[in-house]
Amino acid sequence: MKHRVVVLGAGYAGAYVAGTLARRLSPADTGITVVNTEPDFVQRLRLHQLAAGQEIAAPHLADVFAGTGIRLRVARVTEVDPARKFVTVADADGGGELGYDTLVYALGSHGADHGVPGVAEHAFDVAARPSALRLRDCLDGLEARGEGGKVVVVGDGLTGIETATEIAESRPGLSVTLVARGALGAPLSSGARDHLRRAFDRLGVTVLERTAVDAVEETRVRCADATALASDATVWTAGFAVGSLAAAGGLEVAGDGRIVVDRTMRSVSHPDVYAVGDSAYTLGDNGRPLPMSCASAGYTGRQAADAIVGRLTGGEIAHTKLEYVGNHISLGRRDGILQMVDHEARAKPKYLGGRKAARIKAGIVRMSLWATSHPTFGMPKRKRRLVAAPAASLENRVRPLEREQPPLAENTDAVVCTPSTAEHRR
């Protein structure tokens, strides 16, 4: 029986790992299955643009994996059982179980509400495409009214900054306010902070600094200082969190729920499981935990792929750099900030701002999309065989409930909108 590799999630990290393994491992003794909730690849880096009204490419994963031999299962993961080496999935046909010999956990993260009342019921986020699309529909409705509207963005991290500036630039008829728990752009250098403030002033974004939010209501945001902000659309960008599947399955996790891995992205509690991207808790080369980011997805994905190939084929395991070199921040389509950081993750004094920074950020995003859309680019004619094709035990074989798609063949050639009421446009 072939060694079964199951990849959960087809975001930046999961799609990269799956494609790399398909490129480097022989299909004669390896089978790769990717499980993803959506049939399309989601450019999470650009969901704030989607919400602002721009059209963002979403390649079909069936096309992305065409010619690779990778099996695609469009389904939602409901349970991970590393003791039995099974994952349970749900889909339109009822779902089933998938057995694995090597599991790559790349389910990513979602918006964190931090227990603030009303966020789930009344706030939008840009951490997933469905919510970003609902926010776009809401903003369309506010503009159609012709009387303007008030948008409140809660959270002064990079996602909040990019969302507030994108909406303000794309929809100048709306009033945008950013609520910052600390000082605006606090992690940036002095020059970058000044540039950021000038951008907010130019775009007409109001900033409330050192302000905590106590609750989100249908038509307003209540702050800890007893002030209330009128809001026709509240966007919650106050951080990210991971799901509970890994912890519920018995994998060792950190305090924030991320899977604790060793230097090769291998679970410290279950050696047949690897975690990448936002799902992995790992220390960078500077001794600090890598942040949830697209850059971290690239580093951890590359390291996991190298480790899996090395262990299965008996080769050496190369160590990929695990570093965080800086932040690339878009401020609308014509402005941006590139802020590099030192080994201790502190902002360096110099920064790059303006159109050049915006073009560099856009180039990075385009490169990420191209790389994901061509997962087996440079596929060698000869692939590496496993040291010995591992035979799965009888209890670990795929159960009859499993209904995978067949392998993708080798190429032969006052308007107030809430997330629950706004129409979901696909």
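Counting only Cβ charges, +1 for Lys and Arg and -1 for Asp and Glu, the dipole size of the chain around its Cα centre is about 1520 debye.
Charge tally for Glu316 (other residues, Cβ to Cβ under 13 Å; Lys, Arg +1; Asp, Glu -1): +1. Charged side chains reduced to their Cβ positions (Lys and Arg at +1, Asp and Glu at -1) give region 1-107 a dipole of some 360 debye around its Cα centre.
Look at the alpha carbon pairs under 8 Å that are at least 6 residues apart: their mean separation over the length of region 106-171 gives a relative contact order of 16 percent. Computed from the C-beta positions of Glu218 and His319 and an R0 of 56 Å, the FRET efficiency is 0.65 to the nearest 0.05.
The residue among Ala164, Phe200, Gly277 whose Cα reaches farthest toward the positive pole of the charge dipole of region 161-298, with charges on the beta-carbon of Lys, Arg, Asp and Glu, is Phe200.
Taking the helices alone, the chain has a mean residue ellipticity at 222 nm of -8000 deg cm²/dmol, built from -39,500 (n - 2.57) per DSSP H run of at least 4 residues and averaged over all its residues. Close amide H contacts of Val235 (hydrogens built in the peptide plane, cut-off under 5 Å, sequence separation of 5 or more or a different chain): Phe124, Val152, Val153, Val154. Obtain the nm distance between the two label points defined at Arg311 and Ala66 by a simple spin-label model: each point lies 7 Å from its Cα along the Cα-to-C-beta direction. Result: 3.4 nm between the two label points. Determine the share of the chain's accessible area contributed by carbon and sulfur atoms, expressed in whole percent, with a 1.4 angstrom probe. Whole-percent figure for carbon plus sulfur exposure: 52.
The residues of the chain expose on average 44 square angstrom of accessible surface per residue, using a 1.4 Å probe on protein heavy atoms.
Average the reciprocal distances over every distinct pair of alpha-carbons in the chain, invert the result, and give the Kirkwood radius in Å.
22.6 Å
Placing +1 on each Lys and Arg Cβ and -1 on each Asp and Glu Cβ, with no other charges, gives region 43-199 a dipole about its Cα centre of roughly 340 debye.
In the chain, what % of DSSP beta bridges are antiparallel (nearest 5)? Expressed as a percentage, antiparallel bridges in the chain total about 50. In the chain, taking the dipole from charged Cβ atoms about the Cα centre, the farthest positive-side position among Leu72, Gly173, Gly155 is held by Leu72. Scoring 11-20, 170-179 by mean Cβ neighbours within 10 Å over their residues and listing the highest first yields 11-20, 170-179.
Roughly speaking, what is the stretch gain from Lys348 to Arg76, that is 0.36 nm per residue apart minus the C-alpha to C-alpha distance, in nm to one decimal?
93.7 nm
Note on the chain: Lys pairs 8 or more places apart or on different chains, Cα atoms under 28 Å apart, count 13.
The values are calculated or read from the model by the stated rules, or taken from the named source; none is laboratory data. Since we're looking at a predicted model, the values are computed, not measured. A quick note on method: Cβ atoms are made from the backbone with ideal geometry, for glycine too, and the neighbour counts reach across all protein chains shown. Ligands, DNA and RNA are excluded from the accessible area calculation, which covers all protein heavy atoms including side chains. Shrake-Rupley method; radii C 1.70, N 1.55, O 1.52, S 1.80 Å.
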